2 protein chains.
Amino acid sequence: MIPVLETIRTAHERIAPYVHRTPVLTCQTINRLAGAEIYFKCENFQKIGAFKARGGVNAVLSLTPEELTNGVTTHSSGNHAQAIAYAAALVGTKAYIVMPSTAPQVKKDAVRGYGAEVIECEPTLEARESTVEKVIADYGSTMIHPFNDYRVIAGQATATKELIEDYGLFDTIMAPVGGGGLLSGTALAAYYLSPTTEVIAGEPEGAADAALSFKSGHIEKAPYIKTIADGLLTSLGDKTLEIIRLHVKDILLVSDPEIIDAMRLIWERMKIIIEPSCAVPFAALLKNKEQFAGKKVGIILTGGNVDLGKLPF
Amino acid sequence: MIPVLETIRTAHERIAPYVHRTPVLTCQTINRLAGAEIYFKCENFQKIGAFKARGGVNAVLSLTPEELTNGVTTHSSGNHAQAIAYAAALVGTKAYIVMPSTAPQVKKDAVRGYGAEVIECEPTLEARESTVEKVIADYGSTMIHPFNDYRVIAGQATATKELIEDYGLFDTIMAPVGGGGLLSGTALAAYYLSPTTEVIAGEPEGAADAALSFKSGHIEKAPYIKTIADGLLTSLGDKTLEIIRLHVKDILLVSDPEIIDAMRLIWERMKIIIEPSCAVPFAALLKNKEQFAGKKVGIILTGGNVDLGKLPF
């Protein structure tokens with residue numbers, strides 16, 4: 001069942017001891033450039049360096065002792081992998097994380113750093129899913145889907161819950177969209193706690209499945225996949241699509257140069273490190289300034305896990 | 001006269017409307033690596049991207065209307081230039097900023113962005129000083145020295161005042177040392193507000209004048225100048241040397257590779273952008289872990305103005 005407000009509140013109480021109530025930053029120079037009053041919710045300062053800690057911890061802490069007995073499993077090339085590894089360590093169960101062989105060594109090392117076992121596979125969705133099935137068959141572990149899971153969605157919703165609790169009502173709240181876990185949670189939290197808020201997503205042109213699915217009502221594939229925003233490559237799931245169709249106002253597309261410019265602006269002006277996927281909603285705002293002129297806008301800064309040796313500038 | 005506590009309090013009230021009360025960040029991973037409990041005072045989030053806004057604003061706001069009539073002048077290749085330009089704009093007076101011709105275009109543009117006039121000179125201390133003298137003769141403007149000025153020192157002291165007000169007493173507070181304005185202010189604020197705190201500085205091996213001067217009691221030159229910490233190249237002044245000799249416990253030297261490692265650790269683990277000079281005290285702590293083991297340490301993160309196109313990693 002789609003999480004209700006009470007579900008999100010319970011999730012928040014459950015995860016509070018294990019995740020940060022992240023700070024919200026503002027920047028007058030950026031407000032001047034953007035022509036809006038922007039509040040950045042800094043999930044780049046979150047545990048494991050990304051909002052995924054919220055959903056991962058909520059999902060794992062929601063499991064029964066029986067479900068935890070044989071460990072937990074997921075597939076992810078990045079932040080969700082670390083989130084599940086972190087959450088499994090909290091409850092003292094084993095995590096089996098299926099990762100594409102092409103994932104950066106530093107990310108595999110980070111997952112192993114939480115005591116998880118990394119199982120490598122070919123870098124295709126099919127290989128990921130078949131490897132997960134094999135892991136579950138072999139170990140009897142419990143799968144935690146990266147986004148198409150109401151426990152994960154309720155966890156991600158807590159970022160927006162905090163933002164509204166700490167800074168009041170907003171005209172607009174923005175988040176990026178990949179599989180839609182964060183966007184769904186953002187939209188639900190806004191709907192329950194600040195119903196007049198419009199939730200608007202940013203999506204890369206080079207992974208534009210969600211914008212298509214949002215219009216058609218069916219899960220569509222992206223016309224092509226080529227973007228620096230490597231956290232946003234996946235398509236929506238049925239659960240996230242339903243919530244997004246119900247509670248999201250629009251999904252705006254941005255190009256990679258626009259993403260890189262927005263990312264650089266935040267690095268240079270706010271002195272904080274965000275990953276390319278994280279810059280997507282801010283890029284969408286800058287591209288559509290007239291739409292946001294004078295508005296009070298919350299933006300979820302999703303994560304800060306970048307390879308400093310491979311920066312786009 | 002060396003600023004007394006009341007001077008620092010007055011400076012704080014004077015500048016409060018124009019500078020940020022910057023956040024203090026902690027990081028469990030870094031505490032574990034360092035073996036200490038570290039509180040980072042984030043002056044990289046300060047106005048103009050560095051603590052220099054504090055001293056610059058206090059100095060300019062302390063001037064009489066007569067002293068302000070013909071504008072203010074300073075020489076600086078970096079953050080102090082922006083601080084004085086910013087402060088002059090606040091009070092509506094002209095700023096004439098002498099900058100070496102080799103200063104990055106982006107820094108000259110930033111100074112001009114505050115409405116200041118940039119006067120370029122050869123990149124030597126002699127050329128800087130003679131150009132400043134000419135500017136003062138031509139325009140009758142008032143000089144604000146970057147560090148050897150009690151108004152500047154009292155302004156810089158407010159960062160440590162806030163740190164102690166917000167987080168209580170510390171075993172140790174650390175700052176980098178270049179000309180010694182920040183270190184003097186840090187040492188005075190700690191002496192007045194937390195007298196049992198030891199103030200310890202970090203200095204690059206490739207600009208090690210302060211460590212020598214601290215021992216000899218005279219203003220010494222660095223044996224050689226070659227370091228990535230380009231904000232710390234200047235020697236102490238008589239005012240800063242006196243305060244540092246009275247109230248600083250030690251000055252620890254670090255190499256450039258140690259500075260770069262410390263800088264990278266903060267970027268990767270804390271997701272914040274700091275400039276190389278800013279990483280120096282943390283590098284000194286990591287190099288001397290046994291000395292800081294288990295202690296509660298405050299570190300002033302001085303600034304975040306880096307050229308993203310020229311990173312050392």
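Remarks
- Residue in segment A:305-312 that is within 24 Å of A:Thr29 (Cα to Cα), away from every other protein chain (no Cβ under 14 Å) and surrounded by fewer than 24 Cβ atoms within 10 Å (Cβ to Cβ) present: no
- Only one of A:His20, A:His12 that is without any contact (Cβ under 8 Å) to a residue 40 or more places away in the chain and either not in a helix (DSSP H, G or I) or not small (Gly, Ala, Ser) (or both): A:His20
- Each residue in segment A:37-55 was checked for being assigned to a helix (DSSP H, G or I) and either on the phi > 0 side of the Ramachandran plot or in contact (Cβ under 8 Å) with a residue 60 or more places away in the chain (or both), and 8 pass.
- Consider segment A:110-126 and keep the residues that are part of a helix (DSSP H, G or I) and closer than 21 Å to A:Leu236 by Cβ. The one that is nearest to the chain's Cα centre (by Cα) is A:Leu125.
- Residue satisfying condition, being at negative phi, out of contact with any Ser or Thr (no Cβ under 8 Å at 6 or more places or on another chain) and not assigned by TED's automatic domain parsing to the domain that holds A:Ala95, within set A:Ala154, A:Ala222, A:Ala211: A:Ala211
- Selection of segment B:164-207 for residues being farther than 21 Å from B:Gly304 by Cα, in a helix (DSSP H, G or I) and hydrophobic (A, V, I, L, M, F, W, C) yields B:Ile164, B:Ala187, B:Leu188, B:Ala189, B:Ala190, B:Leu193.
- Flag for A:Ala81 being modelled with pLDDT of 95 or more and not assigned by TED's automatic domain parsing to the domain that holds A:Gly181: yes
- Of all residues in segment A:288-301 being touching a Gly at 6+ places or on another chain (Cβ under 9 Å) and over 20 Å from A:Gly168 (Cα atoms), the one that is nearest to the other protein chains (Cβ to nearest Cβ): A:Lys289
- Of all residues in segment B:249-266, those satisfying the criterion of being within 14 Å of another protein chain (Cβ to nearest Cβ) and surrounded by fewer than 20 Cβ atoms within 10 Å (Cβ to Cβ) are B:Ile260, B:Asp261, B:Arg264, B:Leu265.
- Residues considered: A:Ile228, A:Ile273. Of these, the only one that is within 14 Å of another protein chain (Cβ to nearest Cβ) and modelled with pLDDT of 95 or more is A:Ile273.
- Residue check, A:Gly49 touching a helix residue (DSSP H, G or I) at 6+ places or on another chain (Cβ under 9 Å) and over 27 Å from A:Tyr150 (Cα atoms): no
- Candidate set: segment A:7-38, residues that are closer than 29 Å to B:Gln46 by Cα and surrounded by 18 or more Cβ atoms within 10 Å (Cβ to Cβ); chosen: the one farthest from the other protein chains (Cβ to nearest Cβ): A:Ala36
- Only residues that are surrounded by fewer than 24 Cβ atoms within 10 Å (Cβ to Cβ) and in contact (Cβ under 8 Å) with a residue 60 or more places away in the chain were counted across segment B:273-296, and they come to 7.
The values are calculated or read from the model by the stated rules, or taken from the named source; none is laboratory data. Keep in mind that what you see is a predicted model, and the values were worked out from it rather than measured. As a convention, Cβ positions derive from the backbone with ideal geometry for all residues, glycine included, and neighbour counts pool all protein chains shown.
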